[in-house]
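> Just dropping this structure here.
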Amino acid sequence: MLNNSYFSTGLASLILSLFLLFVAIPYGVTAPSNVTNIVLSPVFWPEVLSVLLGITGIALMISGRSAVKDSVAELLPTKGCYKRIAFLAVLMAAYVAAIPVLGLVWTSMISFVALAVLIKTSHPRTALISAVVIPLVLYMFFAHVAGMAIPQGEFLRLP
Amino acid sequence: MTLLENLAAGFELVANFESVFALAGGVLIGVIAGAIPGLSATMAVALTLPFTFAMQPITGILLLLGVYKGGIFGGSIPAILIKTPGTPASSATILDGHPMVKNGQAGKALGMALWASCTADLISNLALILCAGWLAAFALKFGPPEFFTLILFSLTIIAGVSGDSLLKGIVSALFGLILATIGLDLVYGTNRFTLNDPNLMGGLNFIAVLIGLFAIPEILAMVWNPKSNEGETQSLGKEWVTFAEYKRCFKSIVRGSFIGVFLGSIPGIGAAPSAFLSYSEARRKSPNKENFGKGEIEGVAASESGNNGVAGATLIPLLALGIPGDVITAVIIGAFMVHNLQPGPMMFLNSPDIIYGLFMGLIISSVFLFLIGSVAIRAFRYVADIPRGILFPAVMVLCVYGCYAVNNNIFDVGVMFAMGWLGYVMLCKGIPAAPFLIAFILGPLLEDNFRQSMLMSGGSGEILVRGPITWFFWTLTIITIVAIIRSGLGKKKAEAVEHGNQE
């Protein structure tokens, strides 16, 4: 019987290991030409880890073929779960992209409301109030108590 | 300086309004976060970490330690009242705690949980004070090869015991080690996986990785199933724990505390196994063993003392060796790093006031835990009723602010979200996150000590077995691997038998 979580994790590990060994390390790690001893080279450690990852991946795949049951508690799909997860991915990307334009406080307020709507909050009024108050309180703390520069955006600046 | 002088210096550092307030505030935050199903003590510590940047080192670290201790106790409140452990460490408390609630003894169960937690916490703190200095003095003899073997041993045990599968634990640790190689090379300063992006030259930000790994997956899980984490709160009842009951359970509490201290001082084991071991030992030795699982107060006392006994002891390897004892202390190490402090044997020489200040603070935290815990038990209903539709958006905003505040860098926020997705995939595949985070922290240290050893020996591997200390850690590593493989094979055999019986 094929144990899915073991087999898929093993396969992913093996693919990642091969990617690291044949693409990422040769093109992504710069080793000085005057390094005489391989163990001191900047590529040595990533290569060792990649090989170990590949070996563990193979062991997981073998283990997945022989295991009798998967110990992972399955996250059963609920109604609309894939849509919600996809929307959250878009929300996260938009959150990061909007900070320089709208500022951290306004972006956080909008994202708060969007996430509350996404998980269908049963307290919309409290969510709306929290969406305004929480980012403002955090702004006050980080900007005025901790003295950090919080991005203000291009439209509306806070004191 | 003598021990008393050090303790006096530490007390001077802690005996001020800021430190005491931070400690009390930390315990309160921890109890509240631990009491909310869906939040964990780890998440609470991770989210509090950015608020410590503007504080004095001792104040910030005390705040986090308060959150840690409060969080471990707080987890027992929903475990008892709504059969939903606030933290994994509280799972054993359900076994007798919830049946007591069904018998109308919720107040008694929670009271015993608090008393046992505070007693175990105190014993654990005393063990830390007695053992950490001694271990640190011994660790001064360590050179790079000894540290390399010690870290390797810690990683092995963490990878092996953090999840259901040793192999998945190893994969998780290897992911963490690989991710830790991003940035400039430690010896030559050349680029490693930086894509020539200046944001990556210093490596991935530790706080972005940890918040992403521990807080964001909870939000994703909530979005996947918004109806999860719902439970029905029970009333406290009229009965309260008596001193006679505490006295009757005292043996189990002390035993559980020592089990917690022993398991907590070994990196990676953590509070949950300690709670279960303490519970099973109490059941084995108790004259009321047939009552266990049906609402036996001694069962609550044993499991709570087991999990709280770990809290001080996990700081022994952290402070003495610079190795985090569990995932929460791995987060706390971040607070040390942010304040340019390197926990380990040298800290006992360079900053003894901070070390002993922490010891004093930990002792005081037991008192705060008792006082705040007593109030929290009665106020749980309000905490548990925080709507998830408000809690999780608030957590997301808190994550973004906290992550941004580390370096004032939006790139870190992107890293945090990316790590959140990785953490969620790991959660779905049953890959434990703890080895990942601990390997990510220890990775540079492991590589650094390895390469220093190689530089010392001119590239000869013999230096890694140069003396009794290195041999000791190699032996422990091998014994651990063999033990974990044997237990894994045993489990597989049992599963096969069970599977055969079902067919």
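What follows is calculated from the coordinates using simple rules that are stated; it is not laboratory data. Here the structure is a predicted model, which is why all the values come from computation and not from measurement. Glycine also receives a Cβ, built like all others from the backbone with ideal geometry; neighbour counts cover every protein chain displayed.
> Would you order B:43, B:360, B:201 from fewest to most other beta-carbon atoms within 10 Å of each residue's own beta-carbon?
B:201, B:360, B:43
> Taking the Cβ-Cβ separation of residue B:262 and residue B:491 as r and a Förster radius of 25 Å, what is the calculated FRET efficiency to the nearest 0.05?
Working: r = 23 Å, r/R0 = 0.93.
Efficiency for this residue pair is about 0.60.
> Here's another thing I want to ask about it. So for the protein assembly as shown, what percent of the C-alpha to C-alpha distances run longer than 43 Å? Let's see the in-between values first.
Numbers: 46035 of 218791 pairs.
Across the protein assembly as shown, Cα pairs with separations above 43 Å total 21 percent.
> Per the Kirkwood definition applied to all pairs of different Cα atoms, how many angstroms is the hydrodynamic radius of region B:120-182? Write out the running numbers ahead of the final one.
Details: mean 1/r = 0.0710 Å⁻¹.
When all Cα pairs of region B:120-182 are included, the Kirkwood radius is 14.1 Å.
> Which of the residue pairs A:83/B:429; B:108/B:251; A:120/B:69 have a Cα-Cα distance greater than 23 Å in the structure shown?
Numbers: A:83/B:429 21 Å; B:108/B:251 18 Å; A:120/B:69 33 Å.
Over 23 Å Cα-Cα: A:120/B:69.
> How long is the gain from residue A:146 to residue A:8 if the chain were fully straight, where each residue apart is worth 0.36 nm and the alpha carbon distance is subtracted?
45.2 nm
> Just to confirm my numbers, what's the Cα centroid distance between region B:94-145 and region B:412-461 in Å?
The distance from the Cα centre of region B:94-145 to that of region B:412-461 comes to 28 Å.
> Using only DSSP helix segments of four residues or longer, with each worth -39500 (n - 2.57), what per-residue ellipticity at 222 nm results for chain B after dividing by its residue count and rounding to 500?
Values: 23 runs with 376 residues, N = 503.
Only helices count here, giving -25000 deg cm²/dmol.
> How big is D for chain B, in µm² s⁻¹ as a whole number, if Stokes-Einstein is applied with the Kirkwood radius of its Cα pairs at 25 °C and 0.890 mPa s?
Numbers: Rh = 23.2 Å.
Answer from the Stokes-Einstein relation: 106 µm²/s.
> Take each of the peptides B:108-120, B:148-160, A:81-93, B:171-183, average the number of other beta-carbon atoms within 10 Å over its residues, and list them starting from the highest.
Numbers: B:108-120: 28.2, B:148-160: 25.5, A:81-93: 15.2, B:171-183: 23.8.
Taking the mean over residues of other Cβ atoms within 10 Å, the ranking is B:108-120, B:148-160, B:171-183, A:81-93.
> Further question: Using Cβ contacts closer than 10 Å as the measure, can you line up B:245, B:146 from fewest to most?
Placing the least packed residue first, the sequence is B:245, B:146.
> Let me know the mean shielding of A:37-49 by other chains, meaning the per-residue number of their Cβ atoms within 10 Å of its Cβ. Let's see the in-between values first.
Details: counts 5, 2, 9, 8, 5, 11, 4, 4, 13, 7, 0, 3, 12.
Per residue, the average neighbour count from other chains is 6.
> Given the DSSP H assignment, sum -39500 (n - 2.57) over each helix run of at least 4 residues in chain A and divide by its residue total; what's the result at 222 nm in deg cm²/dmol, nearest 500? Don't jump to the answer; show the numbers that get you there.
On the way: 6 runs with 96 residues, N = 159.
Result for chain A: -20000 deg cm²/dmol, rounded to the nearest 500.
> Just rank B:218, B:298, fewest to most, by other beta-carbon atoms within 10 angstrom. Before the final figure, lay out each step's value.
Numbers: B:218 22, B:298 27.
Sorted ascending by nearby Cβ count, the order is B:218, B:298.
> What does the net charge come to around residue A:25 if you take all other residues with beta carbon closer than 12 Å to its beta carbon, with K and R at +1 and D and E at -1? Please list the in-between numbers first.
Values: positive: B:192; negative: A:47.
In short, 0.
> At what distance in angstrom do the alpha carbon centres of region A:7-34 and region A:75-130 lie from each other?
Using only Cα atoms, the two centres lie 35 Å from each other.
> Please compute the average number of Cβ atoms from other chains found within 10 Å of each residue's Cβ in peptide A:113-122. Can you show the working numbers first?
Working: counts 1, 2, 11, 7, 2, 6, 14, 3, 8, 5.
That works out to 6 on average.
> Continuing with the same structure: Distance between the C-alpha centers of region B:171-208 and region B:313-383? Whole Å please.
Their Cα centres are 28 Å away from one another.
> Any number yet on Rg/Rh for region A:4-66, C-alpha, Kirkwood? Mind dumping the intermediate values first?
Values: Rg = 14.1 Å, Rh = 12.5 Å.
Answer for region A:4-66: 1.13.
> Quick one: Cα convex hull volume of region A:81-145, Å³ per residue?
On the way: hull volume 4.8 nm³, N = 65.
About 74 Å³ per residue, rounded to a whole number.
> Output the Cα-based Rg and Dmax of region B:6-122 in Å, rounding Rg to one decimal and Dmax to a whole number.
For region B:6-122, the Cα radius of gyration and maximum Cα-Cα distance read 15.7, 50 Å.
> Turning to a different aspect of this structure: Tally Lys and Arg at +1 and Asp and Glu at -1 over the other residues with C-beta under 15 Å from the C-beta of residue B:189: what net charge comes out? Provide the component values of the computation, followed by the final result.
Details: positive: B:192, B:451; negative: B:185, B:447, B:448.
After counting each charged neighbour, the total is -1.
> Turning to a different aspect of this structure: Taking each residue of A:133-145 in turn, how many C-beta atoms of other protein chains fall within 10 Å of its C-beta, and what is the average?
Details: counts 1, 6, 5, 0, 1, 10, 1, 0, 5, 9, 1, 0, 2.
Whole-number average of other-chain Cβ neighbours for A:133-145 is 3.
> Right, here's the next one. Return P(r) of region B:272-354 (all Cα-Cα pairs; 5 Å bins starting at 0; whole %; ordered from short to long distances).
3, 15, 19, 15, 10, 9, 10, 8, 6, 4, 1
> A follow-up question, please. Mind checking the full-extension length gain between residue B:227 and residue B:244? Use 0.36 nm per residue of separation minus the Cα-Cα distance, one decimal, nm. Provide the component values of the computation, followed by the final result.
Numbers: separation 17, 0.36 × 17 = 6.12 nm, distance 4.20 nm.
Length gained between residue B:227 and residue B:244: 1.9 nm.
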